[in-house]
Structure formats: structure tokens, C-alpha cells
1. Could you look through the range B:72-103, keep only residues that are in a loop (DSSP other than H, G, I, E, B), within 26 Å of A:Cys229 (Cα to Cα) and without any contact (Cβ under 8 Å) to a residue 60 or more places away in the chain, and pick out the one that is farthest from the chain's Cα centre (by Cα)?
2. In this structure, does A:Gly239 turn out to be free of Cβ contacts under 8 Å to residues at least 40 places away in the same chain and not acidic (Asp, Glu)?
3. Can you tell me which of B:Leu106, B:Leu75, B:Leu99 is at the interface with another protein chain (Cβ under 9 Å from one of its Cβ atoms) and either among the aromatic types (Phe, Trp, Tyr) or farther than 17 Å from A:Leu153 by Cα (or both)?
4. Of the conditions (1) under 27 Å from A:Phe128 (Cα atoms); (2) surrounded by fewer than 24 Cβ atoms within 10 Å (Cβ to Cβ); (3) not small (Gly, Ala, Ser), A:Glu93 fails just one. Which one is it?
5. Answer with yes or no whether A:Arg243 is of a type in the set (Lys, Arg), in a loop (DSSP other than H, G, I, E, B) and outside the structural domain of A:Ala24 (by TED's automatic domain parsing).
6. Residues in the range A:194-202: is at least one farther than 21 Å from B:Cys71 by Cα and within 14 Å of another protein chain (Cβ to nearest Cβ)?
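The values are calculated or read from the model by the stated rules, or taken from the named source; none is laboratory data. What you see is a predicted model, and the numbers here were worked out from it, not measured in a lab. FYI the Cβ positions are ideal-geometry reconstructions off the backbone, even for glycines, and counts take in every protein chain you see.
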Amino acid sequence: MVYSYFPGCTLRAKAKGFESSTLASCEVLGVCLEELEEWQCCGATFPLQIDNSFPLVSPTRTLASAKKAGRELVTLCSACLNVLKRTNHVIREDLDKREKVCAFIEEDYSGEVEVLHFLEILRDEIGFEALARKVVAPLSGLPVAAYYGCLLLRPPEEVGIDDPEAPKVLEDFLLALGCDPVDYPYKTECCGSYVVLQPGEPAMSPSRLVVESAKSRGAKVIVTSCPLCQFNLDYAQSGSVERGENAVPVVYFTQLLAAALGFGEEILQFDGHIVPPGLIFQSVGVGGCGGLT
Amino acid sequence: MKLSREVIHTEDKRKLQDISGEEILSCYQCGKCSAGCAMTSAMDLLPHQVIRLLQLGQVQEALDSKTIWVCASCLACSARCPRGMSLPNVMESLRSTFLRPGDRCLNPAEIPYELLEIVPEQALVAAFRKYT
């Protein structure tokens, strides 16, 4: 299974563990992610102004580069998925914008590339049953809250990789790893996103609600596929470990995947996480989870 | 507030509709957007109230609200809107009205250094897209 791969800006900087855990897991799973020769930042948010085509330039360049590679394009980051898929949708549906953007970047692209999230590869290509058979260090009984946030699911008609109100792809994935997925009502709520940079931290209130809800249902870990969700949910718990409060580490779903496939901390790379994940794995006494204990 | 055709149908409102691609009068004020919005705790006006102001031609009042800068474009409202309106597009058209003449709502120099050191690049790119 060979796919083109778009890492995006954050995976090469603050979310290195997201990429290293995925690439190591891919080797075990027989998936080859071939990085695009030409790519640039997707822009991180899809433009919501219909009279301005300029923000579509960068993602369209990436899509055109993927067309040349001739393969489906895989992303890990939810924001990259969202921006590339929505841009692809505009290029397919809006002839006017397609003409304008393609003339500007001097490329011939009309939406030929399929953009996929890595979770879709696990679900639809490998299959969760086959994935379960590859697990060597099952995270048996670890209560995990799947956090979807917005970008994997909305808008459902353009992006959604699952049901927008009751998704289950992450829970099914967690079951394959031996985890015990925790059901809680805030899994598709927004974490506050880029609003975290506004003075007064207005994004912390929604992030705390998500964390508290997951905790109240017994979650010991929260998984996500968005570096900004990871940060916000983690940042909302700043200082809680020091204060001796019950804190829940927030990790990328691929970090749990790599742990279940037997990889240790050098691959999972928890540097930069505020609530340290290693300690929690230890405290819940999960058996055989690779190098985590 | 004295309402008249001139007060309600303004050039500013027409521009917002051109930028957002949304028909503001299509909203029938059910409030579902505000009920499901994750960010209301930091808002001064609820999302459906911003739309109501625009329906009545009160563009400046909407522009002055904190709400337009607190909207995180998570699309929970638009995914649930029975009228199929994309409120985040309308919020972005209001932000654009403020930003396009060259103003900004986020000064890089004012982001606390401790936060800047740890925040993901994605947040910075997104915030500068939305606030400058």
C-alpha cells in the first residue's frame, strides 16, 4: 500500500511524535507513506470568504503536486485534511475559482486527487480486525476518551470521515488496540482552536469542559488527531500535575498505535506534552505496553 | 431603534453577503447555533443575536462585538442549522470588514513568550489568518 503523504507544518516542529509514531507503525502495517516532493503549509484554516481565492493557492499547489505523483494523498493532521479536502471540493465544483487559481499557479488541476486521513487507511484499507492481529502489546482495559473535535467531521458533506454527531472510527480503532473506549458527550465539541492566542485565554473554557467530561467518565487518556486540539486540551490542564490534581494526558492516536505495536518512548516522543503520558500508563498498570512503563 | 427600509438594507450588509455568500435574512432565529456553540462563555452576543442585528441593519454593533473574534470556526452551528446557513462565513465576513482596511486584532508582540514557545505552529498560522 503506497500513498502520497502530506506532513504539514506542525508535524515537523511541535508534533514530531505524531509523525514518528505513525511512520514506525506504517512499517509494521505494510503501509508506505511517500512524502510529496513539493508541498507547503496548507494555511491551517479553510478560508470562509467566498470572494477571496488567494488562500486556496497554497493547498491547490499541494494537490497539484499530488496529482503528479499519481497516488491518493494521506494526511495525519486533522486541519490539513480539512483544508485540503475543502479546497479539493471547491476546485471540483467551482469552475470559476478553479480557472482563477490554476491560472495563477500555472498548474492543470481539476480535483483528481483523493485526500484521505490516516484513520481511513486503518479502517478501510487495513481493517481494524487485521490491525488487532498485529498488536503485540495490547493496551488492555485502558480507558481512553476519543476526541474528534471539529476538523475531522465538519462540514460533513465535504470533509466528514464519519457521522458528524455520533462518530465511532476512533472508538473502533481503540477497541482494536485492546483499549476500553469511554463514551462522553463532548467528543465532537470544539476545543477553542486558534482562539487560544486571544488575550484572556477564552479557549480554555471549552477545552476544560472537554477534559472534565472525559475525566468524569473515567478516561485515563484522551486521543486526538489534531495538534491544536492536543495542545489546547493539554494546556488547559497546566499545573494540575504539580497541584496533585487528577490530570489526563492527551496523546495522538498514533502514539497509542505505536505503543500497542511494541514501540517505546524513543518512537512515541512525548516531549512537549504538558501532562506526562508515561506516568499515567504506569499508574493504571497497563500490562505489556512496550517501553512506556 | 427606528426601523426603515434604509436602516435595514444597507450597503455594508450587502458587502457582508458578498463576502460570506450567505443570505442573512434566511435565518429564522431558532437559536440552535447559540445552543450548541462551544465558545459562548467568552461571547458578549450570542451567535443568533449577531445575525439578528445584521438582519436589522445594525452592522456596526455586530462589528463591535467580541463574539466575532471568539468564533473558532468549528462549524458546529452550520452543521446543525435548519436553514443551512454558514454562520462562520458570516463571522468571517465581519472580521474581514474590520481587517481588510489593514487593521489587526492580534499583535504578535503581545503574545506572551511562554505561550509562543509551546503553542503549535498550526495555531499561529490559523490565528494570523483570522486576526490580521
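1. Going residue by residue through the range B:72-103, those that are in a loop (DSSP other than H, G, I, E, B) are B:72-75, B:81-86, B:100-103.
Restricting the remaining residues to those that are within 26 Å of A:Cys229 (Cα to Cα) gives B:72-75, B:81, B:85-86.
This time we only want the ones that are without any contact (Cβ under 8 Å) to a residue 60 or more places away in the chain, so: B:72-75, B:81.
Values: B:Ala72: 9, B:Ser73: 9, B:Cys74: 12, B:Leu75: 12, B:Cys81: 16 Å.
My answer is B:Cys81.
2. Working: free of Cβ contacts under 8 Å to residues at least 40 places away in the same chain: yes; not acidic (Asp, Glu): yes.
Considered against the rule, which asks whether it is free of Cβ contacts under 8 Å to residues at least 40 places away in the same chain and not acidic (Asp, Glu), A:Gly239 comes out as yes.
3. Working: B:Leu75 fails: either among the aromatic types (Phe, Trp, Tyr) or farther than 17 Å from A:Leu153 by Cα (or both); B:Leu99 fails: at the interface with another protein chain (Cβ under 9 Å from one of its Cβ atoms).
The conditions single out B:Leu106.
4. Evaluating A:Glu93 over (1) under 27 Å from A:Phe128 (Cα atoms); (2) surrounded by fewer than 24 Cβ atoms within 10 Å (Cβ to Cβ); (3) not small (Gly, Ala, Ser) leaves (1) as the failure.
5. Values: of a type in the set (Lys, Arg): yes; in a loop (DSSP other than H, G, I, E, B): yes; outside the structural domain of A:Ala24 (by TED's automatic domain parsing): yes.
In short, yes.
6. So in the range A:194-202, the residues farther than 21 Å from B:Cys71 by Cα come out as none.
No, the conditions are met nowhere in the range A:194-202.
One line per residue, one yes/no per condition, for (1) out of contact with any Ser or Thr (no Cβ under 7 Å at 6 or more places or on another chain); (2) surrounded by fewer than 20 Cβ atoms within 10 Å (Cβ to Cβ); (3) in the same structural domain as A:Leu257 (by TED's automatic domain parsing):
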position	(1), (2), (3)
A:Ala137	yes, no, yes
A:Leu152	no, no, yes
A:Asp163	yes, yes, yes
A:Phe173	yes, no, yes
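Per-residue answers, yes or no, for (1) over 15 Å from A:Pro277 (Cα atoms); (2) basic (Lys, Arg); (3) out of contact with any Cys (no Cβ under 7 Å at 6 or more places or on another chain):
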position: A:Val223; (1), (2), (3): no, no, yes
position: A:Cys229; (1), (2), (3): yes, no, no
position: A:Asn232; (1), (2), (3): yes, no, no
position: A:Tyr235; (1), (2), (3): no, no, yes
position: A:Glu242; (1), (2), (3): no, no, yes
position: A:Leu257; (1), (2), (3): no, no, yes
position: A:Leu261; (1), (2), (3): yes, no, yes
